[in-house]
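What follows is a single structure, written as structure tokens, with notes after it.
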Amino acid sequence: MNKHECPCGSERELADCCGQWHTGLALGQHAPTPEALMRSRYSAYVLGLIDYLLATWHPSTAPGDLELQPVKWLGLEVRHAEMTGDAGVVEFVARCKVGGRAERMEETSRFVRQDGRWLYIDGQTS
């Protein structure tokens, strides 16, 4: 990944990919699909954007605050994404190193569209 490439693995520039949702949040510009939101949240974890993560979490399941653990994120693979009406699901695998040890996190995340914007509800890991 080059310096300006988006961490989500799209091979696009950060500013033209997840970065537009990170910076656009304050302007009312939101990720248009559950997959776009999930990718932007992954990128926010990589970049340490705690405010973005909290702002895109549904209030009913959001933690009061969030502390990111020291993780080196290595890549993201989206396996499946779908949306039906105001509900969405994204299945993905995120690779990382924790304490020098390689790990994989497989998750099926649920999203809901509320007031015109997608929000992360929760995820089941396997």
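Values in this text are rule-based calculations from the coordinates and carry no lab data. From a predicted model like this one, the values you see are computed outputs, not experimental measurements. As a convention, Cβ positions derive from the backbone with ideal geometry for all residues, glycine included, and neighbour counts pool all protein chains shown.
Observations on the structure shown:
- Single match in Glu77, Glu67, Glu82 (criterion: outside any loop (DSSP other than H, G, I, E, B), among the charged types (D, E, K, R) and over 19 Å from His30 (Cβ atoms)): Glu77
- Number of residues in the stretch 75-98 that are more than 14 Å from the chain's Cα centre (by Cα), closer than 21 Å to Leu49 by Cα and surrounded by fewer than 16 Cβ atoms within 10 Å (Cβ to Cβ): the value is 2.
- Enumeration of residues in the stretch 1-39 that are buried (at least 21 other Cβ atoms within 10 Å of the Cβ), charged (D, E, K, R) and over 16 Å from Leu74 (Cβ atoms): Glu35
- The residues of the stretch 49-64 that are farther than 15 Å from Pro34 by Cβ, outside any loop (DSSP other than H, G, I, E, B) and within 12 Å of the chain's Cα centre (by Cα), listed by number, are Ile50, Tyr52, Leu53, Leu54, Ala55.
- Val46 passes every criterion in (1) in a strand (DSSP E or B); (2) in contact (Cβ under 8 Å) with a residue 12 or more places away in the chain; (3) out of contact with any helix residue (DSSP H, G or I) (no Cβ under 6 Å at 6 or more places or on another chain) apart from (1).
- Pairs meeting the criteria (first residue in the stretch 60-80 and farther than 14 Å from Arg101 by Cβ and free of Cβ contacts under 8 Å to residues at least 12 places away in the same chain, second residue assigned to a strand (DSSP E or B) and β-branched (Val, Ile, Thr), beta carbons under 8 Å, at least 6 apart or on different chains) are His80/Val89; His80/Val90.
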